[in-house]
Every structure is written in C-alpha cells, then in structure tokens.
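Visitor: Sharing a structure with you now.
Values quoted throughout were computed directly from the atomic coordinates according to the rules given, and no laboratory measurement underlies them. Only a predicted model underlies this, so the values are computations on that prediction, with no experimental measurement involved. So basically every Cβ, Gly included, is an ideal-geometry build from the backbone, and we count neighbours across all protein chains shown.
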Amino acid sequence: SSKNRVVARKLSLPETEKTGNRVTVFVRVRPISKKEKEADSRCCVTIVNPRDVYLTEFVNPNGYLRLKRIRRRHFTFDACFPDSATQQEVYSTTTSELVEGVLQGRNGTVFCYGATGAGKTYTMLGTVESPGVMVLAINDLFGKIKTRSCDGNYAVHLSYLEVYNETGIVAAGLTQYRVYSTDEVMILLQQGNHNRTTEPTRANETSSRSHAVLQVVVEYQVRDAAMNIIKNVGKLSLVDLAGSERALATDQITLRSLEGANINRSLLALSSCINALVDGKKHIPYRNSKLTQLLKDSLGGTCSTVMIANISPSSLSSGETQNTLHWADRAKEIRTKTWMQANDANEDLFPVIETGTDQATLVLELQKENR
Ligand code: ADP
Ligand code: MG
C-alpha cells in the first residue's frame, strides 16, 4: 500500500499564523421541489436580509384544519443564499478565499451539511450545466497556478474518497490517475460520483449514508534570497456529508451509547470534534471515525473551516431544517485558536486508513509539470 501514499511532508507554519479564526457558516435554501408543491406544503423558510433567516413552525391541531403558525425562530449566519443564488455566487462567497489560502500554504475545509434531498450534492458537485463548489474550486486553483507558475513550482495531488458505513473508504470508482487539466478532473469526479448516483434505490441509500471527500494538496516551492528551497503545502478538503437525518439532534449523545444503533458514526464523531473545538478542549477526538481521521489536519488549528447548511424551504421538512439550523448555529461558536499537535512534520498528507480486506487505492495524482 505504500505506493499509494503521497510522500510530501507538511511544514510547520510560521509563529504569526498560529492564531485561527472562527468557522464561517452559510445557509443555502434550495428551490421547492415538484413533490413538495404537489403535497401542498407551505414555505417555512424566509431570508429577511443577506444574513438573517426565519424558520416558521406550523402545526395542524385538528389534523385537517389549515396549518397554523405557532412560532418563528430567527438565525443569523455569515450569509444566507436564497433559492435564486447561482453556483458561482455560492462558490465565490464561501470557498474562493480558501483556494487563495491553499496556494499560500494554508489548509481549508468546506462541508455541506443537511438532510438527504436538501441540496448538498448539488452544492458540492453540481451538474454538468451548473458545476458546483468542487469543480469551480479546481478550475479556480488551476487558473491561479497558471498565472503564477513563473515564481515557483507547484505540484497538485488530488484524492476523491467515499467514506461509507465505517466499513471502509473506497475511492469513489477511481483507481489511480495522473491528470493534467480541469476538464479531466471534472470527468473523473463525475465518474466517481456515478457510483453514488446511478442506481436509484441503492444510490439513495448509499449517498445518504456516505461522505464524499475531495482533498487537494498543493505544494509550492520557491527559493529565498539565500537560495534555500522553501516549500509550502496547503490542503483543501471539500466534503459532501452524509444526510444529517441519521445523526441525532442532541449534543449529549455519546458514541458509546450508540454502539449498534443505525446511526452514522462519522457524522456523530464530527459533531463530537466540533463540540470539543467549541468548548476549547485540549483533546479533540479525531480518531473516533474514518471521516474525522481524514480531516484531522483540516479542522481546527489554523485551518479555515466553512460550513454550508443546506435546507429545503418546505414545511414538510421543517423538523430537519430546524435540526440543521441548530447545528449550523452551534458551529458558529467554534474558535480555532489552538495550535494543532496532530500536524507534526512527519505526518502523511493523506493518512492511510485501514479499509478491511482490500486497501483501496486512494490517490489521484495530478502533477503540474515542473518548469
Ligand atoms: P442531497 O445531496 O442533500 O441529498 P441533492 O443535492 O441531491 O440533495 O438535491 C436534491 C434535488 O434537488 C436534486 O434533484 C438537485 O438537483 C435539486 N437541487 C438541490 N439544490 C438545488 C439548487 N440550489 N438549485 C436547483 N436544484 C437544486
Ligand atoms: Mg447527496
């Protein structure tokens, strides 16, 4: 399996960069679906200004009377995207800054969180006509490298993984590739997602339970005045999380109490890590799941973290929406102030994780020609 490892090493960041920032949290409301319209559901989400959203709760007291409005909850985020927001708007506001950071040797992570059907995959992967954050980020990255490659050498490594049910990690339909252009990456991502989306019944089941993780590592070499080689390494992680309906809304549930329950362990472990980061704990339980192992250098510390909470506007989903907004609201509290110990110099950039019987081949290599 050693041939599958990327051997680049992470360098420590300078002292001045050891202060982190908070997680930025966005909400995206998708358009109401045909099914929701036909079910005569009400719209329960109102974006009142670019940062504020109201969730209206309705009840149906006698089982057949008109829905009655009972309560309005108010949430504030870094930005709220209405159903008319374009993919490019979402990318520019949430992720483009992180791409710039990665080119300067910083880590950045973007999650899409929400119930199945809320628009996570649309936001992350998108369609051929409206490519999502993953594709726009890679496009942007390559565009920037192209214009800058005269002042250094860049190497880009890419991996696209699916974390499924803790039984293992499979490269989503991909083995090992060396690619040279964005178009090729797009094709590979689409092929990779094919496995998640082709067969309707199984795909629904699979994509609601699995996490799709695209990680892009950019190495950048320059010589300083004394002609020493300076190497910067930055990593961008883009994550389409499993459907949050599988996670429990409460913060108190521990992993152990859920042993055997049909609950997504990785999603819970992610919540635990986020809770630990919120509480400023020294020990962050990254080892509790495959997903958090993958992301251990991509959460907290000096990593810039972005959360996109995807929601449906329909009153049919108001319970899920409330859970999602609650979780997103909590994520705002994370202060990534602690310097990460996990990130010592000998750490592999792509941690190799036991996958049971077969060690899946995880790594796509995307080498920019050295000039
Ligand atoms: P999830 O990945 O959260 O389960 P999807 O991204 O698959 O949800 O979205 C469910 C459906 O809604 C898909 O058919 C998708 O194309 C559509 N959809 C989601 N968000 C949008 C959007 N912003 N604009 C248009 N269609 C969307
Ligand atoms: Mg999906």
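Visitor: Provide Arg209, Arg148 in ascending order of the number of other Cβ atoms located within 10 Å of each residue's Cβ, fewest first. Intermediate values should be presented prior to the final figure.
Guide: Details: Arg209 19, Arg148 12.
Ranked by crowding around the Cβ, least crowded first: Arg148, Arg209.
Visitor: Of Asp78, Asp52, how do they rank once you tally other Cβ atoms within 10 Å and put the fewest first?
Guide: Details: Asp78 17, Asp52 14.
Fewest-to-most Cβ neighbours within 10 Å comes out as Asp52, Asp78.
Visitor: Okay, moving on. Only counting other Cβ atoms within 10 Å, I'd like Arg265, Arg223, Arg28 sorted with the fewest neighbours first.
Guide: Details: Arg265 21, Arg223 11, Arg28 24.
With the sparsest Cβ surroundings first, the list reads Arg223, Arg265, Arg28.
Visitor: Need the full-extension length gain, Asp52 to Val222, defined as separation in residues times 0.36 nm minus the C-alpha distance. One decimal, nm.
Guide: Values: separation 170, 0.36 × 170 = 61.20 nm, distance 4.37 nm.
So the chain would gain 56.8 nm between Asp52 and Val222.
Visitor: To continue, here is another question. For an R0 of 22 angstrom, estimate the FRET efficiency from the Cβ-Cβ distance between Glu333 and Glu97 and round to the nearest 0.05. Please report the intermediate quantities before stating the final value.
Guide: Values: r = 21 Å, r/R0 = 0.95.
Working from the Cβ atoms, E equals 0.60.
Visitor: Let me ask another. Near the amide H of Thr302, under 5 Å away, which other amide H atoms are found, from residues 5 or more places off or on another chain, if H is placed in the peptide plane?
Guide: It is Met340, by chain and number.
Visitor: Checking the table Lys144/Lys332; Lys144/Lys231; Lys231/Lys290; Lys146/Lys296; Lys120/Lys282 against a 20 Å threshold on Cα-Cα, which pairs fail? All intermediate terms of the calculation are to be shown ahead of the outcome.
Guide: Values: Lys144/Lys332 30 Å; Lys144/Lys231 18 Å; Lys231/Lys290 29 Å; Lys146/Lys296 30 Å; Lys120/Lys282 31 Å.
Result: Lys144/Lys332; Lys231/Lys290; Lys146/Lys296; Lys120/Lys282 exceed 20 Å.
Visitor: Sort 31-41, 308-318, 79-89 by packing, meaning the average of other beta carbons within 10 Å per residue, with the highest value first. Don't jump to the answer; show the numbers that get you there.
Guide: Details: 31-41: 12.9, 308-318: 24.5, 79-89: 15.9.
The peptides rank, most packed first, as 308-318, 79-89, 31-41.
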